[in-house]
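The values are calculated or read from the model by the stated rules, or taken from the named source; none is laboratory data. Here the structure is a predicted model, which is why all the values come from computation and not from measurement. Glycine gets a Cβ as well: all are built from the backbone with ideal geometry, and neighbour counts include every protein chain shown. SASA here: full protein model, heavy atoms, side chains in, ligands and nucleic acids out. Shrake-Rupley method; radii C 1.70, N 1.55, O 1.52, S 1.80 Å.
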Amino acid sequence: MNQQTEHVRKWRLYVFVAICGLMSTPATAITPEVEELIRSWSPLVWLHSEEKFLPSSVEFFLPEVTVQDNQSVIIQDYVTPENIIGGEASLTLHMQTREPLDCPSCYNLDMFFGQAIENGGVPTYTIYREYDDAFKTLDVSYFAFYPYNRGKDACVGSVFAFIYSVS
């Protein structure tokens, strides 16, 4: 094994498909052909062996947070991908960790370090759009979810409300 590969971890991501728009299920079912294209082009991600912030599944993250309004009133206590508030109703909401942080940029909670990836257990999330054109164009974006974002604001429903699993 050369020196470069000693310092990186390969990570094959499982693909979960999301439809553009704020919906929990697609308007039409994904075809086997589109699913196969999405899976066949899914990324192979390399992380440095000393990387301490790993990705996780959304399901790993959500039990650790509540959805709150601007006055820190809990609006939603137990959040799942299926029941999370989305759309315009989420514009003034934010997620707050159940356990207090030492500071806004602190990462004193274990969940911020993500999930172990050696056993192949972290999904890739995908947003795709099919075009009705002569070329059968398919736009696909792949992304990984990381629990730690260094205190930045995040719109509650922008990602989680339209995740659709094809596992």
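Here are some notes:
- Taking first residues from region 96-111 that are in a loop (DSSP other than H, G, I, E, B) and partners that are open to solvent by 90 Å² or more (accessible area, probe 1.4 Å), the Cβ contacts under 6 Å between residues at least 6 apart in sequence or on separate chains come to 105/150; 108/102; 109/99.
- Among residues of region 85-95 being aliphatic (A, V, I, L, M) and either closer than 20 Å to residue 59 by Cβ or not in a loop (DSSP other than H, G, I, E, B) (or both), the one that is most open to solvent (accessible area, probe 1.4 Å) is 89.
- Residue check, residue 88 of a type in the set (D, E, K, R), over 20 Å from residue 39 (Cα atoms) and at pLDDT 85 or above: no
- Residues of region 124-138 that are at pLDDT below 90 and either under 15 Å from residue 52 (Cβ atoms) or open to solvent by 70 Å² or more (accessible area, probe 1.4 Å) (or both): 129, 130, 131, 132, 136.
- Residues in region 30-50 that are of a type in the set (A, V, I, L, M, F, W, C) and open to solvent by less than 80 Å² (accessible area, probe 1.4 Å): 30, 34, 38, 45, 47.
- Applying the set (1) modelled with pLDDT of 80 or more; (2) closer than 21 Å to residue 51 by Cα to residue 149 leaves exactly one unmet item: (1).
- Count of residues meeting criterion [farther than 18 Å from residue 61 by Cα and in a helix (DSSP H, G or I)] in region 112-133: 0
- Tally, over region 52-84, of residues that are within 17 Å of the chain's Cα centre (by Cα), assigned to a loop (DSSP other than H, G, I, E, B) and surrounded by fewer than 17 Cβ atoms within 10 Å (Cβ to Cβ): 4
- Of the residues making up region 107-123, those that are at pLDDT below 85 and open to solvent by less than 40 Å² (accessible area, probe 1.4 Å) are 117, 120, 122, 123.
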